[in-house]
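Step one of this worksheet: look at the structure below.
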Amino acid sequence: MACKIFIIVFLVATSIFGCTAIPEDLKPVTGFEAERYLGKWYEIARFDHGFERHLNNVSATYARGDNGDILVVNKGYNFKTGEWKQIEGRARFLGSETVGSLKVSFFGPFYGGYHIIALDKQNYSYSMVTGPSRSYLWILSRTTTLDDAIYADLVTKAIGWGFDTAKLIKVEHNVPDD
């Protein structure tokens, strides 16, 4: 009986921590300044996932919560239904706040990794984020467009880090925010 409980606890712990870890051989940015990252970001490109399927005009807004957590509001326009979709969550640093590695939850106690692997450290005008595996990738900007040269540089970095950038979907920003 004790062995079964140990195995169950081990499997649960592995699945929980496995969902927040950064993919092997990748490093989150250091020298990160959380207060500068707060505010609104626009999705420029992403890998397709069911939770964002059919969404364009996607943005993420980050704010500091009362308890130090980062409050997250993700919003996008479903071009199939013609409706805005919004979800709110919380993020917490996995370690030091000077390292761009967080865990984010939109569903209670279940967390996923949010790892900033590239960042414009001078102006905080663009970033590239991955989840717990290389099947998650987002390119974000403070504006709805990103300079072509910067985008190409981020894609080149992503290729070098083992991401299949042929799967990137460019996100349209063509509907005014309601």
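Computed from the coordinates by the stated procedures, all read-outs in this text should not be read as laboratory data. The structure displayed is predicted, hence computed values, not measured ones. As a convention, Cβ positions derive from the backbone with ideal geometry for all residues, glycine included, and neighbour counts pool all protein chains shown.
Look at the dipole of the stretch 28-170 built from charges on Cβ: of 137, 54, 95, the Cα furthest out on the positive end belongs to 54. Converting phi to 3J(HN,Hα) with the Karplus coefficients 6.51, -1.76 and 1.60 and the offset θ = phi - 60°, the stretch 77-85 yields 9, 7, 6, 7, 9, x, 10, 7, 10 Hz in sequence order, with x at every glycine or proline. Computed from the coordinates I sent, Cα extents along the principal axes in Å equals one of [x] 58, 37, 36; [y] 72, 47, 22; [z] 52, 40, 36. Tell me the label. Among [x] 58, 37, 36; [y] 72, 47, 22; [z] 52, 40, 36, the one calculated here is [x]. The angle between the Cα long axis of helix 2-18 and the main principal axis of the chain comes to about 20°, on a 0 to 90 degree scale. Note on the chain: with charges restricted to the Cβ of Lys and Arg (+1) and Asp and Glu (-1), its dipole about the Cα centre is near 420 debye.
Residues with beta-carbon under 14 Å from that of residue 95, excluding residue 95: net charge, scoring Lys, Arg +1 and Asp, Glu -1? Walk me through the numbers before you get to the answer.
On the way: positive: 27, 92, 103; negative: 97.
Local charge sum for residue 95: +2.
For helix 148-160, what angle does its Cα long axis make with the longest principal axis of the chain, in degrees from 0 to 90 and rounded to 10? Helix 148-160 sits at roughly 30 degrees to that axis. Here residue 40 is the anchor, and the lysines within straight C-alpha reach of less than 27 Å, apart from those fewer than 8 places off in the same chain, are 27, 75, 80, 85, 103, 121, 157, 167, 170.
Counting only trypsin sites (Lys or Arg not before Pro) that are in a DSSP loop and have at most 16 other C-beta atoms within 10 Å, tell me the longest site-free stretch of the chain.
1-52
The phi-based Karplus calculation (6.51 cos²θ - 1.76 cosθ + 1.60; θ = phi - 60°) puts the 3J(HN,Hα) values of the stretch 39-54 at x, 9, 10, 10, 6, 9, 8, 7, 7, 6, 9, x, 6, 10, 4, 6 Hz, whole numbers, x for Gly and Pro.
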